[in-house]
1. Quick one: how many residues across segment 109-127 are in contact with a Phe, Trp or Tyr (Cβ under 6 Å, 6 or more places away or on another chain) and open to solvent by 50 Å² or more (accessible area, probe 1.4 Å)?
2. So is Leu130 open to solvent by less than 80 Å² (accessible area, probe 1.4 Å), modelled with pLDDT of 90 or more and outside any strand (DSSP E or B) or not?
3. Could you tell me which numbered condition Tyr175 fails, if it satisfies all but one of (1) part of a strand (DSSP E or B); (2) crowded, with 17+ Cβ neighbours inside 10 Å?
4. Scan segment 150-160 for residues that are surrounded by fewer than 21 Cβ atoms within 10 Å (Cβ to Cβ) and either touching a Cys at 6+ places or on another chain (Cβ under 8 Å) or farther than 15 Å from Asp178 by Cβ (or both) and jot them down.
5. Pick from segment 104-127 the residues that are of a type in the set (Gly, Ala, Ser) and part of a strand (DSSP E or B): which of them is nearest to Ser176 (Cα to Cα)?
6. Quick one: would you say Ser54 is of a type in the set (Ser, Thr, Tyr), in a loop (DSSP other than H, G, I, E, B) and either within 30 Å of Phe159 (Cα to Cα) or modelled with pLDDT of 75 or more (or both)?
7. Is it the case that Ser86 is under 25 Å from the mean Cα position of the chain (by Cα) and more than 30 Å from Met61 (Cβ to Cβ)?
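The values are calculated or read from the model by the stated rules, or taken from the named source; none is laboratory data. Quantities reported herein were computed from a predicted structural model and do not represent experimental measurements. Cβ placement follows ideal geometry from the backbone for every residue including glycine, while neighbour counts extend to all protein chains displayed. For accessibility, only protein heavy atoms count, side chains too; no ligands or nucleic acids. Shrake-Rupley method; radii C 1.70, N 1.55, O 1.52, S 1.80 Å.
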Amino acid sequence: LKEAAMDFFVANAHEVMASDGYEQVAESPAIMREMMTAMASGNKKRPADSADASDRDYKRMRVAELRQKLDEKGLDVDGSKEMLLSRLDAADREEKKKNAITISGAGIDEANGVYKQSSEVSDGLPVYQLIGTWQERTGSICLFRCRVSTNVRKWFISFVPDGNRPGTTEDVDFYSADPDDDDDDDDSDANL
């Protein structure tokens, strides 16, 4: 409600200041401070939303925006701003866990680690990347599925040099495996 009132004040400042009730508001230093802060920031849309979760700044969002985000995620929308922020942060942490794969025990130490889902797609499935170096070359170690020259699908863990896409002759393939029998043409998960 307070945000709505401040938005109204910013949008209609001259009319509010000319109203009879403005004298009473002006007597409260705390309310005046909040109104001045609202005026200084204007009624601009804050750059709080981003497609990339790491760029989100929920603290800059208004309560209504936080509730909308929670509703989009199917989460509880009730509570204080602090509770809403906590709920969104927890949901983002869980989402990041779902969008990562951990590999351990590989014979090549550089292949061990947490691979994060990238925006790149190979053979209709997301590519998972572990950014780093291999033999003093920069790039990423990728977990991906692609079709090889014989048109057979295979899963790979490969070093992909910077500037290249996975599944090319520029890759250094560490491991490859045929997909499971139930790994069909859909976007289904497969085990390496």
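1. Selection size over segment 109-127: 2.
2. For Leu130, the condition - open to solvent by less than 80 Å² (accessible area, probe 1.4 Å), modelled with pLDDT of 90 or more and outside any strand (DSSP E or B) - is not met.
3. Result: Tyr175 passes all but (2).
4. Arg153, Lys154
5. Ser122
6. no
7. So Ser86 fails the test.
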